[in-house]
1. Scattering from the C-alpha atoms of the protein assembly as shown alone, worked out with Debye: what is log10 I(q)/I(0) at q = 0.07, 0.11, 0.13 1/Å?
2. Chymotrypsin sites (Phe, Trp or Tyr not before Pro) within region B:1-89: which are DSSP loop residues with at most 13 other Cβ atoms inside 10 Å?
3. For region A:174-213 and region B:1-71, what is the separation of their Cα centres, given in Å?
4. Describe numerically, in nm with one decimal, the distance between label points set 7 Å from Cα along Cα→Cβ at residue B:39 and at residue A:174.
5. Relative to the first principal axis of the alpha-carbon coordinates of chain A, what is the inclination of helix A:157-172, with its axis defined by its Cα atoms, in degrees from 0 to 90 and to the nearest 10?
6. To the nearest 10 degrees, how steep is helix A:174-190 against the longest Cα principal axis of chain A, on a 0 to 90 scale?
7. By how many degrees, 0 to 90 and rounded to 10, does the Cα axis of helix A:49-60 deviate from the longest principal axis of chain A?
8. Quick one: putting +1 on the C-beta of Lys and Arg, -1 on the C-beta of Asp and Glu, what dipole do you get for chain B around its Cα centre, in Debye to the nearest 20?
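What follows is calculated from the coordinates using simple rules that are stated; it is not laboratory data. Everything quoted here is computed from the prediction, not taken from an experiment. Ideal geometry is used to build each Cβ from the backbone, glycine not excepted, and the neighbour counts take in all protein chains shown.
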Amino acid sequence: MSARNDAVRAGLGVGLAVGFSGLAFGAAAVTAGLSVAQACALSLFAFTGASQFALAGAVAGGGALVPAVAGALLLGARNGLYGLRLATLLPSRLRALTAHGIIDETSAVAFAHPGEAKTGFYTTFASLYVTWNLATLLAALGASQVADPTVFGLDAVGPATFLALLWPRLKESAEDRKVAVAGVVIALAATPFLPAGIPVLLAAAGALVVLVR
Amino acid sequence: MNLWWAVIATCVGCYLLKYAGLAAPRKILDRPAVQRFATVVPVALLAALIAVQSFGQGFDAPRTAGLAAAVIALLLRAPFLVVLVVAALVTGLLRITGM
């Protein structure tokens, strides 16, 4: 029971904390030249933060739209990798709906609560979906009044969330620590040279370190 | 290309990418090597994400301090939400005080 409560608490917490960055997205999107409806459509139907920010950023930069979309999709590709693991943890009859919820946050909460992956995933999905979309709408409607989210230190919340969710695995398993270090090294080494999205995808190769031995 | 087309293409593409992993054939998913990979790969992805979100746009002292505070909170076994609040508070306060 308490494992289940833990998963619920983590899910609601992530929804609340990360949902706030929906404000940053709504503001960024409208400032970039997207309409309120377009900003909301992205949060409702793309629902994957990194890709949404990438598209808004590319539009703001005035670049061509085809590479802008390609960049957004590169950032969304890692969600497919989470799906490989989630496929064995979540019920398959809800697959079409479940797929929509596969993002960094929902996956991280699910994996952090092995016995309660289902509870963790759907709680996070529901709470973050609501807060992310509300925040997008609010900020898109009043972009000018929204302060820079970095003032509140919200830019530290994302990495702190993933760190806290990964922590138990890192503490327990030397193998996971190795994989994590490999992932960090690969991603940071690749970041200056490759477009956004690719470094994190490349880091997946860090997982091969354990497999090839 | 109209901006709406870019929005729609992003929405459809992102959904299909999410769906692809989930709908991978059971026969492939059940292979031991694939299972091992699928179990470990989130660790590599999330660790990389932490690094890129923290340092991908250059070193930022308040954000780094916020993450260091989060690590201390984790070492002290602080609850999940406390860890997030500590990270945001330390980062935000250091910024306000002009570090």
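1. These q points yield log10 I(q)/I(0) values of -0.24, -0.63, -0.91.
2. The qualifying sites are B:59.
3. Region A:174-213 and region B:1-71 have Cα centres spaced 12 Å from each other.
4. Taking the two extended label points, one gets 1.8 nm.
5. 10
6. 30
7. In chain A, helix A:49-60 runs at an angle near 30 degrees to the longest axis.
8. Dipole size: approximately 320 debye.
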